[in-house]
1. May I ask you to say which residue of 193, 122, 183, 199 is of a type in the set (Phe, Trp, Tyr) and crowded, with 20+ Cβ neighbours inside 10 Å?
2. What are the residues in region 119-145 that are more than 12 Å from residue 158 (Cβ to Cβ) and either touching a Phe, Trp or Tyr at 6+ places or on another chain (Cβ under 7 Å) or in a loop (DSSP other than H, G, I, E, B) (or both), if any?
3. Which residue out of 146, 217, 135 is crowded, with 24+ Cβ neighbours inside 10 Å and not aromatic (Phe, Trp, Tyr)?
4. When you go through (1) assigned to a helix (DSSP H, G or I); (2) farther than 23 Å from residue 134 by Cα one by one for residue 179, which number turns out not to apply?
5. Please go through region 160-171 and give me each residue that is surrounded by fewer than 24 Cβ atoms within 10 Å (Cβ to Cβ) and over 9 Å from the mean Cα position of the chain (by Cα), ordered by number.
6. Is there a residue in region 144-156 that is within 18 Å of residue 111 (Cβ to Cβ) and in contact with a strand residue (DSSP E or B) (Cβ under 9 Å, 6 or more places away or on another chain)?
7. Tell me which residues, restricted to region 97-112, are surrounded by 19 or more Cβ atoms within 10 Å (Cβ to Cβ) and either closer than 15 Å to residue 168 by Cβ or of a type in the set (Gly, Ala, Ser) (or both).
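The values are calculated or read from the model by the stated rules, or taken from the named source; none is laboratory data. Just so it is clear, the structure is predicted and the values come from calculations on it, not from any experiment. As a convention, Cβ positions derive from the backbone with ideal geometry for all residues, glycine included, and neighbour counts pool all protein chains shown.
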Amino acid sequence: MRITLIAAVVFLGSGLLHADDRKFTASDVKVKLNRQPGKIVIKNDTKRITAFRFFGDIRESLVNLRATRQMVTRPFGSVFNSTAKLNSPVPPYLAAIIAEASAKHGVDPRLVAAVTRRESAYNPNAISPVGASGLMQLMPATAKFLGVTDVFDARQNIHGGTRYLRTLLDTFNGDLDLTLAAYNAGPGAVRKYNGVPPYRETRNYVASIRANYEQSLR
């Protein structure tokens, strides 16, 4: 899972991404803004995203982008069923944490389990080559934003990953494929390609988790 801190911050504030009412996301703003001196303020609405830099009372516009196209989303009805029962093999101590996190953040526990299985094979000490860590493979910046102080703590990691899943589900209007693609490749890649990015790893990732999740619904 790859995402910059600035992307996570604005995604939480961007709300639902509807086909007829899309909002910009931080992926539309270059990460270099985060390195500019002075205070950075981002204004976000359904038509544009604007970033300003402040030096006292002086305001400088850094970015002003307008909506040019709409992203079509296809909501998947079961992803918000937070009271569903896990019916796939999950270590008992993790099943309890997944159920707790799912109920708190409003995500189907079967989806959380499918993502966790794919990300780490339920190994709380897993570390990826790019630095994602723990059960749900949180990147350092994402973990920090989510308030996860110990990525190898099972409860913190699953609660953080589940909260992030819910953020992506809200952002992409419950579209399962776009949510999973964003979890793997980052929301910016989904916006760039206006859908699931053409990366083999990401497409295999989406197909694998979707298949496991749909099987658990039977």
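1. Result: 183 is the single residue among 193, 122, 183, 199 that is of a type in the set (Phe, Trp, Tyr) and crowded, with 20+ Cβ neighbours inside 10 Å.
2. 121, 123, 125, 126, 128, 129, 130, 131, 132, 133, 139, 142 - these are the residues of region 119-145 that are more than 12 Å from residue 158 (Cβ to Cβ) and either touching a Phe, Trp or Tyr at 6+ places or on another chain (Cβ under 7 Å) or in a loop (DSSP other than H, G, I, E, B) (or both).
3. Testing whether each residue is crowded, with 24+ Cβ neighbours inside 10 Å and not aromatic (Phe, Trp, Tyr) leaves just 135.
4. Unmet condition: (2).
5. Correct list: 170 only.
6. yes
7. Listed by number, the residues that qualify are 99, 101, 102, 105, 107, 108, 111, 112.
Let's see how each residue does on (1) more than 20 Å from residue 204 (Cα to Cα); (2) in contact with a Pro (Cβ under 9 Å, 6 or more places away or on another chain); (3) in the same structural domain as residue 176 (by TED's automatic domain parsing):
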site: 73; (1), (2), (3): no, no, no
site: 86; (1), (2), (3): yes, yes, no
site: 99; (1), (2), (3): yes, yes, yes
site: 106; (1), (2), (3): yes, no, yes
site: 128; (1), (2), (3): no, no, yes
site: 131; (1), (2), (3): yes, yes, yes
